[in-house]
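Here is the structure we will look at, set down as structure tokens.
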Amino acid sequence: MLNLILFGPPGSGKGTQAAHLVEKYQLLHISTGDMFRYEISNSTELGQLAKSYMDQGQLVPDSVTIAMLRKRVEDNPGVGGIIYDGFPRTVAQAEALDEMLAEMGTGISGLIALDVPDDEITKRILLRGQSSGRSDDSDEATIRKRIDEYKSKTTPVFDHYAKAGKSLKINGIGSVEAIFGQLCEAIDALG
Ligand code: AMP
């Protein structure tokens with residue numbers, strides 16, 4: 001079973017690439033950000049809680065995020081593979097994911113990071129904000145906070161999987177097709 005973490009800062013193109021990858025490799029796409037936005041659009045209790053963090057550019061607490069992720073995986077038994085987009089975002093989330101997959105007799109196949117410099121991601125997020133309707137994409141202070149959260153809490157996840165020789169980085173600047181090509185090469189090399 002392919003368990004792929006698509007990694008990178010906000011605005012690095014994870015969502016766009018994940019959409020192409022799920023089609024090519026027939027994977028289940030799990031985006032915790034999309035799941036939270038779905039809860040918000042349905043005005044659920046979970047959505048309201050998540051929104052209070054997302055609007056500040058902060059991470060939603062681990063306990064809430066991990067429980068939601070676990071349920072999504074458990075609700076989809078027998079899938080050929082999963083692409084994790086925007087999860088794990090903390091080392092605690094990574095450890096919980098490793099434990100859960102080990103219980104299922106599987107594990108992370110690899111983590112692929114899309115490498116994009118800060119000034120480029122801010123530009124991209126602001127541009128996306130013009131059409132995404134996402135309030136966290138429209139305010140520069142919120143975007144800066146999201147980048148800070150990524151640097152302080154999320155980049156250690158790269159090192160967590162690097163210790164097991166499972167992390168790799170690809171250049172996230174270029175056309176969608178060119179980056180997709182590099183991703184496919186990296187995935188096919190995972191075996
Ligand atoms: P994204 O769509 O992945 O950029 O996520 C948007 C927002 O949702 C983030 O800024 C966080 O507030 C929240 N979020 C998404 N995934 C996670 C996660 N794995 N852990 C904590 N918060 C998350």
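The values are calculated or read from the model by the stated rules, or taken from the named source; none is laboratory data. Keep in mind the model is a prediction, meaning the values are calculated, not measured. Using ideal geometry, Cβ is built from the backbone for each residue, glycine included, and neighbour counts are taken over all protein chains shown. Quick note on the areas: whole protein, heavy atoms, side chains included, nothing else; ligands and nucleic acids left out. Shrake-Rupley method; radii C 1.70, N 1.55, O 1.52, S 1.80 Å.
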| Residues of segment 161-191 satisfying the condition of being open to solvent by 20 Å² or more (accessible area, probe 1.4 Å) and either under 18 Å from residue 119 (Cβ atoms) or assigned to a helix (DSSP H, G or I) (or both) | 162, 171, 173, 174, 176, 177, 178, 180, 181, 182, 185, 188
| For segment 56-79, how many residues are open to solvent by 60 Å² or more (accessible area, probe 1.4 Å) and in contact (Cβ under 8 Å) with a residue 40 or more places away in the chain? | 3
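Conditions (1) among the hydrophobic types (A, V, I, L, M, F, W, C); (2) farther than 24 Å from residue 22 by Cα; (3) touching a Phe, Trp or Tyr at 6+ places or on another chain (Cβ under 6 Å); (4) outside any loop (DSSP other than H, G, I, E, B), marked per residue:
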{"site": "94", "(1), (2), (3), (4)": "yes, no, no, yes"}
{"site": "114", "(1), (2), (3), (4)": "yes, no, no, yes"}
{"site": "131", "(1), (2), (3), (4)": "no, no, no, yes"}
{"site": "159", "(1), (2), (3), (4)": "no, yes, no, yes"}
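Yes or no, residue by residue, for (1) more than 9 Å from the ligand (Cβ to nearest atom); (2) of a type in the set (Asp, Glu); (3) in contact with a Cys (Cβ under 7 Å, 6 or more places away or on another chain):
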site	(1), (2), (3)
42	yes, no, no
47	yes, no, no
50	no, no, no
53	no, no, no
58	no, no, no
61	no, no, no
69	no, no, no
75	yes, yes, no
| query | If you scan segment 8-34, which residues turn out to be part of a helix (DSSP H, G or I), near the ligand (Cβ under 10 Å from one of its atoms), surrounded by fewer than 21 Cβ atoms within 10 Å (Cβ to Cβ) and free of Cβ contacts under 8 Å to residues at least 60 places away in the same chain? | reply | 33, 34
| query | Among 112, 108, 121, which is in contact (Cβ under 8 Å) with a residue 60 or more places away in the chain, within 16 Å of the ligand (Cβ to nearest atom), crowded, with 19+ Cβ neighbours inside 10 Å and over 13 Å from residue 5 (Cβ atoms)? | reply | 121
| Members of segment 38-48 that are assigned to a helix (DSSP H, G or I) and open to solvent by 70 Å² or more (accessible area, probe 1.4 Å) | 38, 41, 45, 48
| said: Among the residues of segment 136-155, are any in contact with a His (Cβ under 9 Å, 6 or more places away or on another chain) and open to solvent by less than 70 Å² (accessible area, probe 1.4 Å)? | reply: no
